[in-house]
Amino acid sequence: MTVSIAVIGAGPVGAALARGLAGAGHDVAVGVRSPDDPKHEAVRGDVPVRAIGEAVDRASVVVLAVPMDTLGELLRGLVLRPGHVVVDATNAVRHPVPAGFDTVGAYVASLLPGGVHLVKAFNTIGAEHLRTGRVGGTAAFLPIAGDDEGRALVAGLARDLGFEVAELGGRDTIRLVEDFARLWIHLAFRCGWGRDFGFAVVRS
Ligand SMILES: NC(=O)c1ccc[n+]([C@@H]2O[C@H](COP(=O)([O-])OP(=O)(O)OC[C@H]3O[C@@H](n4cnc5c(N)ncnc54)[C@H](OP(=O)(O)O)[C@@H]3O)[C@@H](O)[C@H]2O)c1
């Protein structure tokens with residue numbers, strides 16, 4: 001099934017997800033503040049680059065691939081419809097989780113209109129592996145969490161990319177996904193592993 005997707009943000013995460021999902025056959029556009037900016041030429045060669053509002057209006061799934069501290073400004077300006085699935089791929093890296101919230105996901109949820117479904121995904125591995133979902137030829141493990149109404153759809157998109165996906169549960173399990181991202185970031189930057197790794201599932 002082809003899914004219409006707006007990826008907001010054309011940084012490493014947005015570009016990789018947009019290219020990977022388009023390559024898997026989905027109807028993908030990248031949404032940016034200045035679509036005519038020449039810096040988007042490389043992405044435009046692979047997927048359409050549109051104004052954010054236009055990309056969101058045409059999509060059923062909206063992926064947030066922007067700095068966490070810009071989410072408030074971005075989401076207050078978006079026109080989201082009941083039934084839209086919003087995928088939060090952000091992490092609180094350079095800024096703490098906003099005051100009053102225990103996760104970024106809870107903060108995002110507070111900014112969504114009623115009837116919009118929230119899923120946390122694609123934040124637990126380096127951007128360079130998001131296009132294929134694979135590291136060194138092996139499917140990387142991708143935990144996702146959020147509303148039942150959108151989670152299976154997003155799990156399918158992640159499998160289309162190549163990931164081995166675990167659906168953890170509802171919004172109450174978003175914390176686990178964000179903790180898992182913190183583990184990846186800790187290993188990459190504090191433990192000196194670098195960015196070129198992912199986690200895989202081993203079974204007997
Ligand atoms: N890099 C990774 O390996 C990685 C992995 C997993 C998750 N994440 C998370 O994914 C998110 C995106 O990371 P990133 O590394 O791709 O790039 P980034 O540098 O965090 O984000 C770049 C994109 O965000 C856009 N942007 C900035 N402020 C905006 C605003 N107010 N409204 C709309 N768009 C805005 C930028 O647009 P302009 O060009 O117009 O400024 C640019 O397209 C972050 O939250 C990050 O923590 C990153």
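Quick note: the coordinates plus some simple rules give every number you see, no bench work behind them. Just so it is clear, the model here is predicted, and its values are computed rather than measured. Neighbour counts are summed over all protein chains in view; Cβ atoms, including those assigned to glycine, are modelled from backbone coordinates with ideal geometry.
For this structure, a couple of remarks:
- Calculated FRET value between residue 93 and residue 41, using beta carbons and R₀ = 30 Å, to 0.05: 0.65
- The charge dipole of the chain, taken about the Cα centre with unit charges on the Cβ atoms of Lys, Arg (+1) and Asp, Glu (-1), comes to about 300 debye, rounded to the nearest 20.
- Antiparallel DSSP beta bridges within the chain, as percent of all bridges there, nearest 5: 15 percent
- Dipole of the chain [Lys/Arg +1, Asp/Glu -1 at C-beta], most positive-end residue of 72, 153, 38: 38
- Toward the positive end of the charge dipole of the stretch 73-204, with +1 on the Cβ of Lys and Arg and -1 on the Cβ of Asp and Glu, the farthest Cα among 87, 127, 176 is that of 127.
- For the pair residue 79 and residue 200 in one chain, pulling the backbone fully straight at 0.36 nm per residue adds 39.8 nm over the alpha carbon distance.
- Residues of the stretch 72-112 falling in the label zone of residue 189, defined by backbone nitrogen less than 12 Å from a point 7 Å along Cα to beta-carbon, are 91-96.
- Extension reserve of the residue 138-residue 110 stretch, reckoned as 0.36 nm per residue once the Cα distance is removed: 6.4 nm
- Calculated mean residue ellipticity at 222 nm for the chain: -8500 deg cm²/dmol, from DSSP H runs with n ≥ 4 weighted as -39500 (n - 2.57), summed, divided by the residue count and rounded to 500.
- Along principal axes, Cα extents of the chain, largest first, whole Å: 46, 40, 33
- Label zone at residue 176 (point 7 Å along Cα-to-Cβ), backbone N below 17 Å, the stretch 94-125: 103-106, 119-125
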